[in-house]
1. Arrange the residues Ser106, Ser26, Ser134 by how much accessible surface each exposes, largest first, with a 1.4 angstrom probe.
2. Could you check how much of the accessible area of the chain is carbon and sulfur, as a whole percent, using a 1.4 Å probe?
3. For segment 83-168, compute Rg over Rh where Rg is the Cα radius of gyration and Rh is the Kirkwood radius from the inverse mean 1/r over Cα pairs.
4. Nearest 10 degrees, 0 to 90: what angle lies between the long axis of helix 27-42 and the longest principal axis of the chain (Cα atoms)?
5. Accessible area per residue of the chain at 1.4 Å probe, in Å²?
6. For segment 12-146, count the residues as N, evaluate 2.2 N^0.38 Å, and divide the Cα radius of gyration by that value, please.
7. How many percent of DSSP beta bridges within the chain run antiparallel, rounded to 5?
8. I need the peptides 107-114, 37-44 ranked by packing, meaning the mean over residues of other C-beta atoms within 10 angstrom, with the highest value on top.
Amino acid sequence: LPRLDFRGGVPEAAGTMVIVPTLISSVEGARAMVERLEVHALGNMDPRIRFALLTDFPDAGAERLPGEEEVLDAAVAGIKALNARYAPGAEDRFYLFHRARRWNGSEGVWMGWERKRGKIEEFNRLLRGATDTSFVEQIGDPEILPRIRYCNTLDSDTHLPRDAPRRL
């Protein structure tokens, strides 16, 4: 079978997003996830490979809890700082998509819809143009989203080898 040869870089038609679905529950945890995203990007400098955190807060007995705004603010500030450093003026290298909790009557908690699977499903819908997702905070240039053809999903503790998204 013919093989795609991306040794010269990922072409525009093969735009790729590396996504990390994760929970953020503390300012330190949010900063650590942003730092991990930066490490992934430093080993994969192709400009057509972008990186995103898909975040929720942990399950809770209420829709919002005290202190969560500061946690989200830390994640937002971290993503904006990465874009300022690595994509000045473009805001198209690093992204944050944060979802609101929804009531789950069967489990009796407020939670991100379908947890990890739901984040990925809603993100894929967002790439296809959906406007009715539960993402309430989106950082990064949305104009790129329709051009994303491939997604590589990582767990929050996964190490991304150098040039792996390009090879995949």
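The values are calculated or read from the model by the stated rules, or taken from the named source; none is laboratory data. Keep in mind that this is a model prediction, so the values were computed, not measured. Every residue, glycine as well, gets a Cβ built from its backbone with ideal geometry; the counts of neighbours run over all protein chains shown. Heavy atoms of the whole protein, side chains included, go into the accessibility calculation; ligands, DNA and RNA do not. Shrake-Rupley method; radii C 1.70, N 1.55, O 1.52, S 1.80 Å.
1. The ranking, largest first, comes out as Ser106, Ser26, Ser134.
2. Of the solvent-accessible surface of the chain, carbon and sulfur hold 51 percent.
3. 1.01
4. Between the helix axis and the principal axis of the chain, the angle is about 10 degrees.
5. On a per-residue basis, 54 Å².
6. 1.04
7. The antiparallel fraction comes to roughly 30 percent.
8. 37-44, 107-114
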